[in-house]
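What follows is a single structure, and I will ask about it in a moment.
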Amino acid sequence: MAIPDYADERSYKFFSRSLVGTKHGEGGTGYCVSWNTSAEGLEPTAVYPNCTCIYCGNRANPIQAGLRRPRSTYIGEDDRDYNVTGYACCCKGAMDEGEHKLKVAELKERHAQELEALEKQRPTPDPEVFKAFAEDMARQMARKALDRFKWGKDPVKVARRLAEQARGD
Ligand SMILES: [Zn+2]
């Protein structure tokens, strides 16, 4: 396999070149280029349900994000997750999509920080004004309560009228 001709330069880092040794009859050292399914920074790009890239129409390559975890140190044991976690194409459109997503994420992050900074500048109520308001309310309520006691001196009558008032009669 070679890096496909439709691959964008930005995708080259997702391919790995491994030595396959001297090939018989070729008289040189052979390399094998392969798609690195667990490359750092490899994120899914838009594909149709049949894994066709929506930008170039080529078949997208699988991603195995679970393989980014290092292999268990026990010999012969490999408990890594081999599941295919998504697909990514290596074309210009797919690379543009990745850059666009990063820009959107950066902008959202900056926006959130700016909002937070602005929130700190939000004007706060003056406790003295609130105290004056609460005192005024208390005075008004006290006056109303006193007015009720003007209705009569009989505490039972006053209590009944207060109860009637509370019911809305
Ligand atoms: Zn593509």
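Only one of these conditions is not met by P62: (1) at pLDDT 95 or above; (2) out of contact with any Ser or Thr (no Cβ under 6 Å at 6 or more places or on another chain). Which number is it?
(2)
Determine whether the range 51-65 contains at least one residue that is of a type outside the set (K, R), away from the ligand (no atom under 16 Å from the Cβ) and surrounded by 10 or more Cβ atoms within 10 Å (Cβ to Cβ).
The answer is yes, given that some residue of the range 51-65 is of a type outside the set (K, R), away from the ligand (no atom under 16 Å from the Cβ) and surrounded by 10 or more Cβ atoms within 10 Å (Cβ to Cβ).
Among the residues of the range 10-21, what is the count of those that are within 14 Å of G93 (Cβ to Cβ) and either open to solvent by 50 Å² or more (accessible area, probe 1.4 Å) or touching a strand residue (DSSP E or B) at 6+ places or on another chain (Cβ under 7 Å) (or both)?
The total comes to 1.
The values are calculated or read from the model by the stated rules, or taken from the named source; none is laboratory data. No experiment lies behind these values; they were computed from the predicted model shown. All Cβ positions, glycine included, derive from the backbone under ideal geometry; neighbour counts span all protein chains shown. Only protein heavy atoms, including side chains, enter the accessible area calculation; ligands, DNA and RNA are left aside. Shrake-Rupley method; radii C 1.70, N 1.55, O 1.52, S 1.80 Å.
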